[in-house]
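Below: one structure, written as structure tokens.
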Amino acid sequence: MHKAAEAVYQDVLRRNPAEPEFHQAVAEFLNSIGPVLDEHPEYADHALLERLVEPERQIIFRVPWIDDSGKCQVNRGYRVEFNSALGPYKGGLRFHQSVNRNIIKFLGFEQIFKNSLTGLGIGGGKGGSDFDPHGRSDNEVMRFCQAFMSELYRHIGQFTDVPAGDIGVGGREIGYLFGQYKKLTNRFEAGVLTGKKLGWGGSLGRTEATGYGTVMFAQSMLGTISEGLEGKSVAVSGSGNVAIYAAQYAQMKGAKVLTVSDSNGWVYDKDGIDVELLQQVKGVERGRVSDYAQRKSGAVFHAEGRPWQVAVDVALPCATQNELSQEDAKTLVSNGVKVVAEGANMPCTPGAIDAFQQAGVLYAPGKAANAGGVATSALEMEQNASRTKWTFEQVATKLEHIMADIHDTCAETAARYGAEGNYVLGANIAGFKRVADAMIDQGFI
């Protein structure tokens, strides 16, 4: 690690104790940017790195709400507004029992560079709550979302901070959040939230964008070795929105997706995942992948292990952080994996990344590979601002261009700094430079 970066990292450890995922995200970033700090010593001045790793604002609040039995429940809400050098804070809301300040800070920090890589005018932020919507009625989810927005609305706006969905926050939750925001502010401010339903400001293609974009990125990576997705075998983890549409797009391009998973286990389907059935089970019925296996001939559910033990050409971790370990990576490598593209945020541990890179596997971090979701959210904001609606084909074409540009930017940046094929270094340096230049231009704030 560069001397200036090391000093900043030690300060992060001291000032942010017991936040391992945040430390991990910062370390991965700082380990990559040494070459650009040598080339541009001004990036080590202006306390730029010190400001970059410190959120501009951290909001923590109480969320009391009434469940269906009439009992008062109390959750905790978060919004970390990390960096606004390039535009309003932009990043999802996650509702999951694992959410705490550490998780939100790591996600918000990653979001800075992901958003920068899109080339669009959006800063980095993230938020959420330790509320778990699974097993809750629609009315309970509505009451929680209304209570959550009753505090959050003070801190957001289309020119200030624009949340979206994430784990546990889909179209239903965005609708309830938007309704409460509208009631409290007396404004139909469509651009304040993205991931809206189509009838009142949502964008065609937004639902598919993160999963589709991840596969587009993987396809570009394969192109660097003169290969494509046609005929490739693919392992996908997760079974939420990102995983479903990654599986769908991969199969549209001629690949066979063999696995999906959830917190209870994983499914191997030798004939390829039936995406329509998976959407019904997970998206409509809110069931488990074990339910999918029971209804799909030839599919086998495994309560133990992980999907990474299956021999595949392409691995797409699309579930959650640190889900793919060093041992999983070694198994994938020994089975001949060629490309790993992260559909989730930081799903590969540092040991896994090292294993992939040492073996010469093409590996892309989430800040690059899954940027299609936030890019299309920004396109939704653009449509809201102009009061227009684009066709699915228009959005998909723009997404393809954005993902191709992100891939090429990462690849070219890595090659320029003598690390050809290192998408981690390329993504971190390319994302950092745009933010750093804006911070210097805007003064010491």
Next on the checklist: So, in region 389-444, how many residues would count as being free of Cβ contacts under 8 Å to residues at least 40 places away in the same chain, more than 24 Å from Q219 (Cα to Cα) and of a type outside the set (G, A, S)?
Outcome noted: 2
Checklist entry - Hey, does region 264-276 have a residue that's closer than 27 Å to N322 by Cβ, without any contact (Cβ under 8 Å) to a residue 24 or more places away in the chain and open to solvent by 70 Å² or more (accessible area, probe 1.4 Å)? => result no
Checklist outcome for this item: A368: passes all of (1) surrounded by fewer than 24 Cβ atoms within 10 Å (Cβ to Cβ); (2) in contact (Cβ under 8 Å) with a residue 40 or more places away in the chain; (3) in contact with a Leu (Cβ under 9 Å, 6 or more places away or on another chain) but (1)
Item to check | Unique match (being in the same structural domain as A319 (by the TED database) and open to solvent by less than 20 Å² (accessible area, probe 1.4 Å)) among G231, G240, G213 | outcome: G213
Checklist entry - Being in contact (Cβ under 8 Å) with a residue 60 or more places away in the chain, outside the structural domain of G213 (by the TED database), part of a loop (DSSP other than H, G, I, E, B) and aliphatic (A, V, I, L, M), is that true of even one residue in region 376-386? => result no
Item to check | Wholly enclosed strands (runs of 3 or more DSSP E) of region 227-302 bearing at least 2 residues in contact with a Cys (Cβ under 8 Å, 6 or more places away or on another chain) | outcome: 233-237
Checklist entry - Considering only region 29-72, how many residues are in a strand (DSSP E or B) and either more than 30 Å from D138 (Cβ to Cβ) or open to solvent by less than 50 Å² (accessible area, probe 1.4 Å) (or both)? => result 6
Checklist entry - In this structure, does F131 turn out to be in contact with a Gly (Cβ under 7 Å, 6 or more places away or on another chain) and touching a residue at least 40 places away in the same chain (Cβ under 8 Å)? => result no
Checklist entry - With Q279, Q321 as the choices, which residue is in contact (Cβ under 8 Å) with a residue 12 or more places away in the chain, under 26 Å from L204 (Cα atoms) and open to solvent by 10 Å² or more (accessible area, probe 1.4 Å)? => result Q279
Checklist entry - Among the listed residues R295, R286, which satisfies the condition of being open to solvent by 20 Å² or more (accessible area, probe 1.4 Å) and either in contact (Cβ under 8 Å) with a residue 40 or more places away in the chain or not assigned by the TED database to the domain that holds G223 (or both)? => result R286
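The values are calculated or read from the model by the stated rules, or taken from the named source; none is laboratory data. Just so we're clear, the structure is a prediction, and the values are computed from it rather than from any experiment. Please note: Cβ atoms are built from the backbone with ideal geometry, for glycine as well, and neighbour counts cover all protein chains shown. Side chains are part of the model used for accessible areas, which takes the heavy atoms of the whole protein and leaves out ligands, DNA and RNA. Shrake-Rupley method; radii C 1.70, N 1.55, O 1.52, S 1.80 Å.
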